[in-house]
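Worksheet: the structure to be examined is printed underneath.
The values are calculated or read from the model by the stated rules, or taken from the named source; none is laboratory data. Just so you know, these numbers come straight off a predicted model, no measurement behind them. Reconstructed Cβ throughout: ideal geometry from the backbone, glycine too, with neighbour counts over all protein chains shown.
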2 protein chains.
Amino acid sequence: MEEFELIRKIIPTYYRQPSVVKGVGDDAFVFRSSEDIVFTTDTMVEEVHFSRKTMDTHAVGYRALAANVSDLAAMGSRPAFYSVSLVLTPDWTDEEILALYDGMEQLAEKHSMDLVGGDTVSGSQTVVAITAHGYLPPDKGRYRSDAEDGDVIFVTGTLGDSRGGLEELMNPGESVSGHLIARHRYPEPKAEFAAGLTSLSRLCLNDISDGIASEANEIATASGVRLHLQKEKVPVSEELRNRYPDQAGEWALSGGEDFELLGTVAPGEKEALLEKARELDIRLTFIGTVSASDLPEVLLHSPQGTETLQPTGYTHLKERRKRL
Amino acid sequence: MEEFELIRKIIPTYYRQPSVVKGVGDDAFVFRSSEDIVFTTDTMVEEVHFSRKTMDTHAVGYRALAANVSDLAAMGSRPAFYSVSLVLTPDWTDEEILALYDGMEQLAEKHSMDLVGGDTVSGSQTVVAITAHGYLPPDKGRYRSDAEDGDVIFVTGTLGDSRGGLEELMNPGESVSGHLIARHRYPEPKAEFAAGLTSLSRLCLNDISDGIASEANEIATASGVRLHLQKEKVPVSEELRNRYPDQAGEWALSGGEDFELLGTVAPGEKEALLEKARELDIRLTFIGTVSASDLPEVLLHSPQGTETLQPTGYTHLKERRKRL
């Protein structure tokens, strides 16, 4: 396909967000906001963060954008825009490129997001770098530093499924779990849920990209508190437990890339949280409590005793990323 | 250097922009704006868009950010934030990484910009992807589509110097021109100038990244007008003309990466434009006029006659980029 024809197929013909002032096609994109603006960025390198051997490019695009939407959710914001910088190797076909954008569009449509910029250049290794913007009512940012003594800890969805799905893809057996593979390829970031909690006076949120062991430690450190997690309450899907009984527990803690939310709220706001989860048909589980501490740490309690949960993350097929 | 120590050296300890709500260190960055927001992104691949053989990493960083600042300038906006996604090969030293950020910081400081995000990952080819934000008073965006019949055409600075500097670096002779090399490595995007023209009722602007042949054609197409350029008025530095008498004229038209501004204004606002240029000690040259036309095109007039100027760009060492 001629390259400008390819670009014409990708450029949006209308914008879902009414805040667009000047869309794609000038030196830069222009928008207007009466709310706070949230901005995040995420870079994925082929054979480091994803593989076309286990993921078609539609899923690569969807998942790359999902990582950004999950970060926007973790700030409590409503997703609005995304921009895509691609470095493509010569072996990419037109169909693979269009499928990559279609994968992003599938998620973008669900969250009313617009594609507002980016560029495509050639290189010797594929890189997908996405940036995204969201909107936030003033002073409703949901930060890692907002956990307080007495808060209850919650998590959305089930954990470890994405790691299980990766296992299915990398070491296929006689049967495969479509559920786990779908959770790996097409995770559902909880942006609508997070943005719908503006009535809560205070909420601490972090998204689960590296596993809750890592994310819980980030909250403990940022808030200067101790988190107590009840191991048996950490939600694991029946599918994961059935197929990987020996690994399910560990993957639930450190599997990563589930793109669910981990958070803490005041006990008095539990009910409002549950109400929103019911409304959106989202599984919500209370898995622990927060206590004051001079030493920020995460304790994992189980019938076998209590241990300190180290911030070990998801390292399989994924090099740890250094983020600003 | 231990990686977290490296990151500590890069993360800003304060923010120059008062609009920062939540700085680096959570799932995303948050800011607040009473003005319109301009957003741009630019990806550079090693050995495609830059080479560490001819540029130290300080200059690579400076120039990568300069390309973004130039896009912000071309919209008439004041630069505010930037974010850096890096894919680094294993041979990068700590010193090279810090120099890259120092190079960006040198330009950022001049424009009161803050580093507000990004990530660093490993790969087999170096990629520097920068995104940047600027602020714009409502309805003061300066678009390519704003040229009108009767406008005068102007350009800042001198053209072709960056291309000359590249030649000095790639084919070093017995002497080198420090001036041309500096113009290639450390171009000066005209953001302060562009943002200082808010009193003008209408202004068409485009930045010169691919050479004015290309940029003038973009204006002609976007505005649906004919641009008449006077060849002998296109500003060329004495240094470029002396060292490259045979190529200077061509490089001035299609050299690219000068990061100057090409624009059109109503004749009645020429004086206000000149006044701002004088105030900031910027060279400003009027090089032609705009006329109505059913056929968008650029005509180049010279004593030898008139020719249609095709949108040929800068292709040496740089693959054409497909931008949204």
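Keeping to region A:86-122, report how many residues are among the small types (Gly, Ala, Ser), surrounded by 22 or more Cβ atoms within 10 Å (Cβ to Cβ), in contact with a strand residue (DSSP E or B) (Cβ under 9 Å, 6 or more places away or on another chain) and modelled with pLDDT of 95 or more.
Number of matching residues: 1.
Got a number for residues in region A:24-47 being surrounded by fewer than 20 Cβ atoms within 10 Å (Cβ to Cβ) and either at the interface with chain B (Cβ under 8 Å from one of its Cβ atoms) or within 20 Å of A:Leu72 (Cβ to Cβ) (or both)?
The qualifying residues number 5.
(1) under 30 Å from B:Tyr244 (Cα atoms); (2) of a type outside the set (Val, Ile, Thr); (3) modelled with pLDDT of 95 or more; (4) part of a loop (DSSP other than H, G, I, E, B): which one isn't true of B:Leu197, the others all being true?
(1)
Here's a check for you: in region B:61-90, which residue that is over 19 Å from B:Val121 (Cβ atoms) and among the hydroxyl-bearing types (Ser, Thr, Tyr) is farthest from the other protein chains (Cβ to nearest Cβ)? If you could, list the steps in order and put the result at the bottom.
So the first thing to find is which residues in region B:61-90 are over 19 Å from B:Val121 (Cβ atoms), and the list is B:62-63, B:65-81.
Keeping just the survivors that are among the hydroxyl-bearing types (Ser, Thr, Tyr) gives B:62, B:70, B:77.
Values: B:Tyr62: 19, B:Ser70: 8, B:Ser77: 8 Å.
Selected residue: B:Tyr62.
Return yes or no: is B:Phe81 in contact (Cβ under 8 Å) with a residue 60 or more places away in the chain, surrounded by fewer than 24 Cβ atoms within 10 Å (Cβ to Cβ) and under 18 Å from the mean Cα position of the chain (by Cα)? Can you show your working first?
Numbers: in contact (Cβ under 8 Å) with a residue 60 or more places away in the chain: yes; surrounded by fewer than 24 Cβ atoms within 10 Å (Cβ to Cβ): no; under 18 Å from the mean Cα position of the chain (by Cα): yes.
Considered against the rule, which asks whether it is in contact (Cβ under 8 Å) with a residue 60 or more places away in the chain, surrounded by fewer than 24 Cβ atoms within 10 Å (Cβ to Cβ) and under 18 Å from the mean Cα position of the chain (by Cα), B:Phe81 comes out as no.
Only one of (1) facing chain B (nearest Cβ under 8 Å); (2) part of a strand (DSSP E or B) is not met by A:Gln125, so which one is it?
All conditions pass for A:Gln125, except number (2).
For region A:1-39, give me the residue count where each residue is touching a Gly at 6+ places or on another chain (Cβ under 7 Å) and hydroxyl-bearing (Ser, Thr, Tyr).
Looking only at that region, the number is 1.
Are any of the residues in region A:190-213 β-branched (Val, Ile, Thr) and in contact with a strand residue (DSSP E or B) (Cβ under 7 Å, 6 or more places away or on another chain)?
yes
Output the number of the condition that A:Arg283 fails; it satisfies all remaining conditions of (1) surrounded by 14 or more Cβ atoms within 10 Å (Cβ to Cβ); (2) more than 14 Å from chain B (Cβ to nearest Cβ).
In the conditions (1) surrounded by 14 or more Cβ atoms within 10 Å (Cβ to Cβ); (2) more than 14 Å from chain B (Cβ to nearest Cβ), A:Arg283 misses (1) alone.
Within 30 Å of A:Ala80 (Cα to Cα), β-branched (Val, Ile, Thr) and touching an Asp or Glu at 6+ places or on another chain (Cβ under 6 Å), is that true of A:Thr156?
For A:Thr156, the condition - within 30 Å of A:Ala80 (Cα to Cα), β-branched (Val, Ile, Thr) and touching an Asp or Glu at 6+ places or on another chain (Cβ under 6 Å) - is met.
Tell me which residues, restricted to region B:19-49, are under 28 Å from B:Tyr186 (Cβ atoms) and either free of Cβ contacts under 8 Å to residues at least 40 places away in the same chain or assigned to a loop (DSSP other than H, G, I, E, B) (or both).
Hits for region B:19-49 are B:Ser19, B:Gly23, B:Val24, B:Glu47, B:Val48, B:His49.
Going by the structure shown, is A:Gly263 under 23 Å from A:Leu197 (Cβ atoms), assigned by TED's automatic domain parsing to the domain that holds A:Ala194 and surrounded by 17 or more Cβ atoms within 10 Å (Cβ to Cβ)?
Taking the combined requirement at face value, the residue satisfies it.
Which residues, taken from region B:110-132, are in contact (Cβ under 8 Å) with a residue 24 or more places away in the chain and of a type in the set (D, E, K, R)?
Once the filter is applied, which keeps residues that are in contact (Cβ under 8 Å) with a residue 24 or more places away in the chain and of a type in the set (D, E, K, R), region B:110-132 yields B:Asp114, B:Asp119.
Can you name every residue in region B:53-78 that is in a loop (DSSP other than H, G, I, E, B), surrounded by fewer than 22 Cβ atoms within 10 Å (Cβ to Cβ) and touching a residue at least 24 places away in the same chain (Cβ under 8 Å)? It would help to see each step written out before you state the result.
The first filter runs over region B:53-78 and keeps only residues in a loop (DSSP other than H, G, I, E, B), leaving B:53-56, B:75-77.
Pick out the ones that are also surrounded by fewer than 22 Cβ atoms within 10 Å (Cβ to Cβ) and you get B:53-56.
Once the filter is applied, which keeps residues that are in a loop (DSSP other than H, G, I, E, B), surrounded by fewer than 22 Cβ atoms within 10 Å (Cβ to Cβ) and touching a residue at least 24 places away in the same chain (Cβ under 8 Å), region B:53-78 yields B:Thr54, B:Met55, B:Asp56.
Inside region A:51-84, can you point out the residues that are at pLDDT below 95 and among the polar types (S, T, N, Q)?
Matches in region A:51-84: A:Ser51, A:Thr54.
Provide a single number: the residues in region A:167-192 that are surrounded by 22 or more Cβ atoms within 10 Å (Cβ to Cβ) and farther than 30 Å from A:Asp246 by Cα.
1
Can you spot a residue in region B:49-60 that is under 20 Å from the mean Cα position of the chain (by Cα) and within 13 Å of another protein chain (Cβ to nearest Cβ)?
Scanning region B:49-60 turns up at least one residue that is under 20 Å from the mean Cα position of the chain (by Cα) and within 13 Å of another protein chain (Cβ to nearest Cβ).
So, of the residues in region A:134-151 that are over 17 Å from A:Gly196 (Cα atoms) and not acidic (Asp, Glu), which turns out to be farthest from the other protein chains (Cβ to nearest Cβ)?
For region A:134-151, the residue satisfying everything is A:Gly150.
Within region A:252-259, is there a residue that is at pLDDT 95 or above, outside the structural domain of A:Arg63 (by TED's automatic domain parsing) and closer than 24 Å to A:Gly134 by Cα?
Looking for residues that are at pLDDT 95 or above, outside the structural domain of A:Arg63 (by TED's automatic domain parsing) and closer than 24 Å to A:Gly134 by Cα, one finds at least one in region A:252-259, hence yes.
Working only within region A:131-173, note down all residues that are of a type in the set (A, V, I, L, M) and part of a loop (DSSP other than H, G, I, E, B). Don't jump to the end; show me each part of the working.
Restricting attention to region A:131-173, the residues satisfying the condition of being of a type in the set (A, V, I, L, M) are A:132, A:136, A:147, A:152-153, A:155, A:159, A:166, A:169-170.
The answer is A:Ala147, A:Leu159.
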